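Notes to accompany the following structure.
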Amino acid sequence: YSEAVKYLHQAVELNKWSQKSRFEFGKVLGASGDIPAAIDELQIAIAIKPAAEIYNELGGNHRRVGNLDTAVDNYLKGLALGPEDPELWNSLGVVYVEQGRFEAACEVFKNLLADWPNRIDYRMNFIVALASIGDQPEALNQCRTILKVAPDNVKARALMEIVGRN
């Protein structure tokens, strides 16, 4: 990441008002582990021109450092700009799980799967939320749905065993 950070920093210095350069710089800073600097760059990118994908990235960085309420706020702002963005919805659902808001997470994942039924990652997140509210029968049903499509999915098999024991 050090080379990317170097070149993107140069791009930002050449054009301080480039939202795209600021966004890419923020993404690379976050990926390299410099979360405070990533957050700063992403906030500047949003100040230049708000975009759903920037809010998603900003929310992810806040999530990484445990600022879950701020992450939710950013995901909701992103959804206001891009309400059809499934990655933002998924990110929001994951944070809801981390906050212990399992019912809200279930609703998010249920809606996501209505539009994206073949996304195994969304279904896996739904299983975790279902198991967390004690709906083992539906969690097992969701595991079976994954295994119909991907019979060798190790994570689905492991979740099925865990959920089945509880």
Could you look through region 1-56, keep only residues that are in a helix (DSSP H, G or I) and basic (Lys, Arg), and pick out the one that is surrounded by the fewest Cβ atoms within 10 Å (Cβ to Cβ)?
6
Taking region 101-114 as the region of interest, how many residues are of a type in the set (Phe, Trp, Tyr) and either open to solvent by less than 30 Å² (accessible area, probe 1.4 Å) or within 19 Å of residue 156 (Cα to Cα) (or both)?
1
Say whether the condition of being over 13 Å from the mean Cα position of the chain (by Cα) and open to solvent by 60 Å² or more (accessible area, probe 1.4 Å) is met by at least one residue in region 85-100.
no
Scan region 115-122 and give yes if some residue there is open to solvent by less than 40 Å² (accessible area, probe 1.4 Å) and either touching a helix residue (DSSP H, G or I) at 6+ places or on another chain (Cβ under 6 Å) or of a type outside the set (Val, Ile, Thr) (or both), otherwise no.
yes
Without any contact (Cβ under 8 Å) to a residue 24 or more places away in the chain, on the phi < 0 side of the Ramachandran plot and among the hydrophobic types (A, V, I, L, M, F, W, C): which single residue out of 149, 154, 163, 128 fits that description?
154
Sole residue being among the acidic types (Asp, Glu) and within 23 Å of residue 34 (Cβ to Cβ), chosen from 135, 69:
69
Across region 57-67, which residue is farthest from residue 81 (Cα to Cα) among those that are open to solvent by less than 60 Å² (accessible area, probe 1.4 Å) and not charged (D, E, K, R)?
66
Could you list all residues from region 26-52 that are charged (D, E, K, R) and either within 17 Å of residue 70 (Cα to Cα) or in contact (Cβ under 8 Å) with a residue 60 or more places away in the chain (or both)?
40, 41
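The values are calculated or read from the model by the stated rules, or taken from the named source; none is laboratory data. All values reported here derive from a predicted model rather than from experimental measurement. So basically every Cβ, Gly included, is an ideal-geometry build from the backbone, and we count neighbours across all protein chains shown. The accessibility values were calculated without ligands, DNA or RNA, using every heavy atom of the protein model including side chains. Shrake-Rupley method; radii C 1.70, N 1.55, O 1.52, S 1.80 Å.
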